[in-house]
1. To the nearest 20 debye, what charge dipole does the chain have about its Cα centre, counting +1 at the Cβ of each Lys and Arg and -1 at the Cβ of each Asp and Glu?
2. Would you please give the residues with an amide H less than 5 Å from that of MET73, counting only those at least 5 places away or on a separate chain, with H modeled from the backbone geometry?
3. Among all stretches of the chain without exposed GluC sites (Glu not before Pro) (DSSP loop, at most 15 other Cβ atoms within 10 Å), which one is longest?
4. Roll a 1.4 Å probe over the protein chains and send me the accessible area per residue for region 35-160 in Å².
5. LYS29 to VAL134: extension gain in nm, 0.36 nm per residue of separation minus the Cα-Cα distance?
6. Percent of accessible area on the chain owned by carbon and sulfur, 1.4 Å probe?
7. Along the charge dipole of the chain, which of THR138, PRO47, MET73 sits closest to the positive end, that is, farthest toward it, with unit charges on the beta carbon of Lys, Arg, Asp and Glu (+1, +1, -1, -1)?
8. Which whole-Hz couplings ³J(HN,Hα) result when phi for each residue of region 167-172 is put into the Karplus expression 6.51 cos²θ - 1.76 cosθ + 1.60, θ = phi - 60°, listed in order with x for Gly and Pro?
Amino acid sequence: MSSHPHTFSRYCMHCGERLSSATPENDTKRRLVCIGCGFVHYINPRPVAGTLPVRADGQILLTRRDIEPRRGMWVFPGGFMDVGETAEEAAIRETREEAHLEVANLSLLGVYTRIEPGVVVIVYAADALGEAEVGDETSEIGWFHPDAIPWHELAFDSTTAALEDLVARLQHRDR
Ligand SMILES: [Zn+2]
């Protein structure tokens, strides 16, 4: 079995029998298939939603992670979506939880796939309202001018990609 984080379950959620790797009929990939009841346990990526809040003076909010993985590195507020909320609602909630910041005028910046952990990151640019404070899973709040982004201390490839897209968008707007 691979070390993919989603493969932790080795038993069928329906009948409790062991799962085995097999290619189901009419499928093209190996899946986890129950040897008892035949149920196919599909493993799908999980959506994460977040915001890149921008202040009126053009500075961008980042938070320093206080959790593993990548503790101590900078990231934008974001996290796993809950069932029952939209991606926008999840992004706003995570920003409130991690940076105590309200945001408005969300605009889709991009969708970034992190293959290895099986995560799809949906990122919105947003207007920051008021001041931010250190919140959950965060050790520090930082406001960064586009020229002063800590590119070598960013948590994930998706953090870098989203910030590159945001900076390009801000520069285009200022022209
Ligand atoms: Zn089963």
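The values are calculated or read from the model by the stated rules, or taken from the named source; none is laboratory data. Small disclaimer: the values here were computed from a predicted structure and weren't measured. Backbone-built Cβ (ideal geometry, glycine too); neighbour counts: all protein chains shown. Areas reflect the complete protein model, heavy atoms only, side chains present, ligands, DNA and RNA absent. Shrake-Rupley method; radii C 1.70, N 1.55, O 1.52, S 1.80 Å.
1. Details: 17 positive and 27 negative charges, 170 e Å.
Computed charge dipole of the chain: roughly 820 debye.
2. Answer set, sorted by chain and number: ARG65.
3. Answer - 26-84.
4. Working: 6290 Å² over 126 residues.
In whole numbers, region 35-160 has 50 Å² accessible per residue.
5. Numbers: separation 105, 0.36 × 105 = 37.80 nm, distance 4.38 nm.
Between LYS29 and VAL134, full extension yields 33.4 nm more.
6. Details: 5060 of 10070 Å².
Whole-percent figure for carbon plus sulfur exposure: 50.
7. Sorting the options by dipole projection puts first PRO47.
8. Here the 3J(HN,Hα) series is 4, 4, 5, 5, 5, 5 Hz.
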